[in-house]
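First up is the structure itself, then whatever we jot down about it.
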Amino acid sequence: MAAACRSHIAVLCDDRLLRDSLVQFLSEQSDFTLTTCGDATWLAELPLLEPDIYLIDARSVAAWPQAALPDDASIIYIGASEDDAWAAAALSAGARGIITRSAPREDVVKAIRVVRDGGIWARRRWLNACVLHVVGEAKRRFATMGLVESRLSPREQEVLRYAATGVGNKELADRLSISEATVKVHLTRIFQKLGVPGRAALAANYGRTTIDPQNHPIR
């Protein structure tokens, strides 16, 4: 029989007793290998070890900022409170699992294996709240885009969709089969209508609300 695939787990916890207890328990699992961190001095080097899952103590989450980890990091928070709002926010930010303080330690192993297999370990009400949050954000983005497009001509909308994602004037002109001078005219009108001073502000304010031009080719 082939050996089980081993998962590399990084345990990020500054509570020594909890960290040692987790390591002792998880090391009993034949399909886990472990890396432990007791403070943030390891944070910059940790992604180089390429952990499959980051197990983070939720009580000291400020010491382990999610933004400092790889964008695709699979994160499971342990020792979390029963705060529904915090849990929904953590899931919306990309957490793959949340284990409360009252959960049995066996849940840690179950959660790791569920997340390793592509699932999410969280209470149903937290997942529901996360979905509602995502839907609400999507509605706001669509509403914002509707307001933006109502102020612009069809050609200006096309220019906006490219310019807000960082496409330069020359490339934009080539894609739309117009001159760079015409692109500049359109951009000037867009800046005036939307009340932004330039490209940087355009990208900052509308880069996430504009429709991806790759998915909406110009006919």
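Every number here is computed from the coordinates shown, using simple stated rules; none is lab data. Note that the structure is predicted; figures quoted are calculated from it, not measured. Positions of Cβ are generated from backbone atoms using ideal geometry, with glycine treated the same way; all protein chains shown enter the neighbour counts.
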Original post:
Expressed in nm to one decimal, what extension gain is obtained for the pair SER21 and SER150 from 0.36 nm per residue of sequence separation less their Cα-Cα distance?
Top reply: 40.6 nm
Subject >> Percentage relative contact order, region 7-130, counting C-alpha pairs under 8 Å, at least six apart >> reply: 22
Subject >> Two-site label geometry, ASP117 and ALA200: point separation in nm, points 7 Å out along Cα→Cβ >> reply: 5.0
**OP:** With r as the distance between the Cβ atoms of TRP86 and ASP39 and R0 = 22 Å, compute the FRET efficiency 1/(1 + (r/R0)^6) and round to 0.05.
**Re:** 0.45
Subject >> Beta bridges by DSSP in region 7-130, antiparallel share as percent, to the nearest 5 >> reply: 0
Subject >> Label-point gap, in nm, between LYS170 and ARG124 - each point 7 angstrom along Cα→Cβ >> reply: 5.9
**OP:** Sort region 74-120 into rounded, prolate or oblate with this rule: let a ≥ b ≥ c be the square roots of the eigenvalues of the Cα gyration tensor; rounded if a/c is under 1.5, and if a/c is not under 1.5, prolate when a/b is larger than b/c, oblate otherwise.
**Re:** oblate
